[in-house]
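Before any comments, here is the structure.
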2 protein chains.
Amino acid sequence: MVTTRDIAERLGVSISTVGRALADDARISEETKFRVRQAASEMGYVGNRAARMMRGASSNVVALVIPDIRNSFYSTIAHELSKNMEAEGFQLMLSETDDDRMVELRHLRELYANRVAGVIIVPTARPHNESVKLLRTLPHLQLLRRHPSLGSQWFGVDDHEALREATAHLVALGHTRIAYLGGPEELPTGADRLRGFRTALREGGLPDDAGRTELGPPSSVGHGRQTVRRLLRGPDAPTALVLGSIQLTLGVLEELSEQGVKVPGELSVVGFGDEPGFSWWGPGLTTIGMPIQEMATGCALWLMRRLKTKAGTDDPYTSVSPGSLILRGSTASPDGRTPSETARATAVD
Amino acid sequence: MVTTRDIAERLGVSISTVGRALADDARISEETKFRVRQAASEMGYVGNRAARMMRGASSNVVALVIPDIRNSFYSTIAHELSKNMEAEGFQLMLSETDDDRMVELRHLRELYANRVAGVIIVPTARPHNESVKLLRTLPHLQLLRRHPSLGSQWFGVDDHEALREATAHLVALGHTRIAYLGGPEELPTGADRLRGFRTALREGGLPDDAGRTELGPPSSVGHGRQTVRRLLRGPDAPTALVLGSIQLTLGVLEELSEQGVKVPGELSVVGFGDEPGFSWWGPGLTTIGMPIQEMATGCALWLMRRLKTKAGTDDPYTSVSPGSLILRGSTASPDGRTPSETARATAVD
DNA sequence: CTGAAAGCGCTAACAC
DNA sequence: GTGTTAGCGCTTTCAG
């Protein structure tokens, strides 16, 4: 492991001359700088960041704390962050919580021990008290989910509006028995999406029992499969289904394919997110597209700026990106007409 | 930022006593240990790993260097590593190279500057010379791709056999114009897969011009779309297609869906990898399943052991996991019979 | 059982 | 222009 001292000895100069030369200090002659850089390169010198950090330099590591990287929302975010940060010389640390607050805490402790420069976090439903304390002393940013105790720097999407729009689409088609399958209410996103669903029903003038809600683990494909199977077996089976998470959507699609359920004939479906396979599923999945990429880029740029300018930019900051409903073939009127036929019929009426 | 010194001052003991108490040194009385731990906890003390590293402690960070986390192979690997490492108190650094050797080099420099404990890398086609040097001084492990200059610690899958098996399946069905679309030959995986394809043709007794190979960027969905479009337009359009990368498969599936190509009627297709949507694509995609998860777990365990036991376990190590052909509906004889019909026919013949 | 002191690699006063 | 020195937070001799 070659150090500045090694270079100094070899060149017969002092350690600080080497340090200054490498830092391109104005007081060092060009010739010395050249010799030092030459030697450093030859000897394979790479500065020790641990030592620099002890001298007050800040880390160049930013951590991303998320439930599960296999969820494409999060891998998109990780990619976008990584790309933007690499350009600025930052490295990305990846911490998966599996939505377990104790795992989250252990990660945050490690991140703090490593004195990371910043943290971008999709918090668990109820972060541990110590997690909150740790984050208070670290530049951080919440993503998607927003927990009041973790400050007011937040980048997310308009979950309420997205679900409202998706549900309103089904209401407009004439559905009166609509089910919503999404994450638990204790997650901020889960609560917002559920509210959006209910808002649309209310605005559509539907009675309270028109909507049926099934909440559960948002990242469980299996839970999606089981729930949709149960929903369809019941006596008052819904004629339409709105999803509130990618993984649940994946489970539902698998199950519906396997059972040979006719979509949109027997059931209209609105998915969540827009995965590669969604467009070729059955008649094409009508789904809620989320601007994850844009959000992640914004988030990266904001944090980079925050970290570069030492300034205490701790002002509340909120960025809400809108989702968009992508219309394909999986939704139709309960009587079997397609959306366009319904539109025409409505126009004639 | 609270240090051991702060604790020492508050308790009126020396810094070394605090250090020893926190390290659970045998020479410190239980009472003192208790008081120190109490104070540390109250004051929110978290040890500074940078300082520890300067005293010779090793980092608890392992880096994963991959082309693109959005590729589900890599996100699965990242997840599996993360899960296994968290249990051992390690953190995961994520570095994306975008298959650019200069980006790869910049990442490796940073990783070295941060003195990471180890590196798990899916190398670019031709790593920079300095990258090779850096890796030599760092415990590392190659994943999937294997570059001779980067040592002989490698975890991967049997690409040759996987493609051989997939292609043999098509040959057995009676196809005589088979196309292979995969990554460039300069990637070790690309070369192996291509060889597997050719081996199967040869073993099937097909002439050299039976196989048509299209090599290109393995992670470009768009390239997959364009190539399949071009292939199908030609005069000698193949009757079967084997894919050699996930992203290319995604592109091909999108394009075939969009163009309404009849599968397996007009074209038999064998995909690469097994994504959620592959089972519900058209008639179900026959595809090459890769045991990525098992490989990643093995890889994590191996590296953890290697890092825990300071021992210089630098013996060559190679682990090859076998892929498996998953039969669904996208392959049939060129004359339109399904695989089972062919089997029966063959039996009768 | 506990304290004093040295030193890891680097940077930044403070000399000359 | 360059050298000397101190000190970041921690561990680890070496002394009591």
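The values are calculated or read from the model by the stated rules, or taken from the named source; none is laboratory data. Treat the numbers as computed from the prediction; the structure is a model and nothing was measured. Because the Cβ atoms are built from the backbone with ideal geometry, glycine has one as well, and the counts that use them run over all protein chains shown.
At-a-glance table
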quantity	calculated
Residue count, region A:96-109 (criterion: more than 18 Å from A:L187 (Cβ to Cβ) and touching a Ser or Thr at 6+ places or on another chain (Cβ under 8 Å))	2
All positions within region B:57-73 that are of a type in the set (S, T, N, Q) and buried (at least 20 other Cβ atoms within 10 Å of the Cβ)	B:S59, B:N71, B:S72
Selected residue [out of contact with any strand residue (DSSP E or B) (no Cβ under 8 Å at 6 or more places or on another chain) and at pLDDT below 95] from B:D208, B:D192	B:D208
Exclusive hit being over 23 Å from A:R49 (Cβ atoms), within 16 Å of DNA strand C (Cβ to nearest atom) and basic (K, R), set B:R55, B:R49, B:R27	B:R27
Any hit, region A:248-260, residues being of a type outside the set (D, E) and away from chain B (no Cβ under 14 Å)	no
Residue ID - farthest from DNA strand C (Cβ to nearest atom), chosen from residues in region B:1-18 that are away from chain A (no Cβ under 14 Å) and buried (at least 17 other Cβ atoms within 10 Å of the Cβ)	B:I7
Residue match in region A:307-324 (condition: in a helix (DSSP H, G or I) and either within 17 Å of the chain's Cα centre (by Cα) or within 15 Å of A:L141 (Cβ to Cβ) (or both))	yes
The listed residue being modelled with pLDDT under 95 and within 11 Å of another protein chain (Cβ to nearest Cβ), out of B:P264, B:P276	B:P276
Out of A:L105, A:L92, sole residue that is more than 8 Å from chain B (Cβ to nearest Cβ), away from DNA strand C (no atom under 16 Å from the Cβ) and either surrounded by fewer than 20 Cβ atoms within 10 Å (Cβ to Cβ) or outside any helix (DSSP H, G or I) (or both)	A:L105
Near pairs, Cβ below 8 angstrom, 6+ apart or cross-chain, from region A:27-49 (near DNA strand D (Cβ under 8 Å from one of its atoms)) to any residue that is of a type in the set (K, R)	A:R27/A:R20; A:I28/A:R20
In region B:311-346, the residues that are modelled with pLDDT of 65 or more and either closer than 24 Å to B:S58 by Cβ or among the acidic types (D, E) (or both)	B:D314, B:D315, B:P316, B:Y317, B:D335
Enumeration of residues in region B:38-78 that are farther than 30 Å from B:M93 by Cβ and either of a type in the set (K, R) or touching a helix residue (DSSP H, G or I) at 6+ places or on another chain (Cβ under 7 Å) (or both)	B:A39
Leading residue by the ranking (surrounded by the most Cβ atoms within 10 Å (Cβ to Cβ)) among those in region B:133-150 that are assigned to a helix (DSSP H, G or I) and aliphatic (A, V, I, L, M)	B:L135
Conditions (1) touching a residue at least 60 places away in the same chain (Cβ under 8 Å); (2) more than 29 Å from A:E254 (Cβ to Cβ); number of the one not met by B:T213	(1)
Pairs, first touching a residue at least 24 places away in the same chain (Cβ under 8 Å) in region A:14-26, second more than 8 Å from DNA strand C (Cβ to nearest atom) and of a type in the set (A, V, I, L, M), C-beta under 7 Å, six or more apart	A:L22/A:V36; A:L22/A:A40
Test: residue in region A:185-195 that is more than 14 Å from chain B (Cβ to nearest Cβ), small (G, A, S) and out of contact with any Ser or Thr (no Cβ under 6 Å at 6 or more places or on another chain)	yes
Cβ-Cβ under 6 Å pairs, at least 6 apart or on other chains, region B:149-176 side over 25 Å from B:Y317 (Cβ atoms), far side in a helix (DSSP H, G or I) and among the aromatic types (F, W, Y)	B:T167/B:F197
Any hit, region A:60-71, residues being within 16 Å of DNA strand C (Cβ to nearest atom) and modelled with pLDDT of 95 or more	yes
Single residue of B:S58, B:S75 found to be within 8 Å of chain A (Cβ to nearest Cβ) and at negative phi	B:S75
Qualifying residue in region A:109-122 (condition: within 13 Å of the chain's Cα centre (by Cα) and within 11 Å of chain B (Cβ to nearest Cβ))	no
Residue match in region B:35-42 (condition: of a type outside the set (S, T, N, Q), within 16 Å of DNA strand C (Cβ to nearest atom) and on the phi > 0 side of the Ramachandran plot)	no
